[in-house]
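Worksheet: one structure, shown below.
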Amino acid sequence: MASFRNSVFFSKRLFIFWIVLIILLALEGFFDIFEVVMGKYLLLTNPLRPRIGRLWVEESKDQEGLKEMSAVQTELPQDSLYSGQLNSLEDIRAVLSIKNSISLSKDRFLQFYKLNEKQAQKIIDPLVLYDLERGDQWTRVRMTLNENQIGIFFLNGYGQPITESFLSLSSAKPSEHLAASKLEQDPEFKERIVPAGTFFTAFDQLSRFHRLQIINDPYKLIQWMDSLRRVGISAHSSEGSVELAFEVQMGETLTIHRLTASEIAAGYLIAAINRSGYSPKLALPVPGEVSNE
């Protein structure tokens, strides 16, 4: 009788065992319990296991490589590209007198180089530039001002110079159209004439409201953009207005366009010009007679 009960009890345990086993296998099939548990265990014990073997060595090399790449990228110059107007060497000299150094993209420099054949010859030999353009290393140009000399450095993608050129400003003659400008002869604008690049940089900082108070017909800016040489700001105001003179070159002819700006907007423009480091600093217009040439 006892053996019978033992046999029945054993059969029940065996039955329960097989039921539990079937349930576990079903759960494993659905949820990958074993893999999840082993994964958690390996993750927890990962810092404790010795780092030996080919996989550890390869991972270590990858980590070192990533660190070196990060260090190189950190060391690369991060200066931004200059976006202001540059139409002549006079514009470059004016901008460099404020910023000391500017960078231009390859395409932007080529655009500037094509503007004037005579000035281009002074910057770099055309055949040298041709070889640079045909190659796959040159990406941008950095220009610096050192006393009376402009340094022009042609850089690769890592900021390293490929070749360089130097332009002496003492031997560079000023453009004839600037020497003959009527703007220079007007006492109302004496020592208050800024290059087009300086004007555009300051004008860009103003709100739309104040821009329209300086030039109420913005279409003129589109017409003058590549031809604007300099801008004069009158030393006097009259009834809340200030006269601005825009020197525009069309072919071989220089034309002076006079516009009346709001005194407040002109004040904001002058403040932006002075903040840029332009010298000499411009004083705000004072009440007085405005020249009507």
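The values are calculated or read from the model by the stated rules, or taken from the named source; none is laboratory data. Everything numeric in this text was worked out from a predicted model, so none of it was measured. Note: areas computed on protein heavy atoms with side chains; ligands, DNA, RNA excluded. Shrake-Rupley method; radii C 1.70, N 1.55, O 1.52, S 1.80 Å.
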Exercise. Given H placed 1.01 Å from N in the peptide plane, which residues other than close sequence neighbours of T163 have an amide H under 5 Å from its amide H?
Worked result: F154
For this session: Ignoring everything but the protein chains, give the 1.4 Å probe accessible area of F199 in square angstrom, nearest 10.
Result: 0 Å²
For this session: Report the dimensions of the range 80-164 along its three principal axes from the alpha-carbon atoms, largest first, rounded to Å.
Result: 32, 29, 23
For this session: Order V20, V141, most accessible first, counting only protein heavy atoms with a 1.4 angstrom probe.
Result: V20, V141
For this session: Considering only protein heavy atoms, with the full assembly of protein chains and a 1.4 angstrom probe, order R192, R93, R13 by accessible area, largest first.
Result: R13, R93, R192
Exercise. Under the classification rounded if a/c is under 1.5, otherwise prolate if a/b is larger than b/c and oblate if not, where does the range 191-285 fall, given a ≥ b ≥ c as square roots of the Cα gyration tensor eigenvalues?
Worked result: rounded
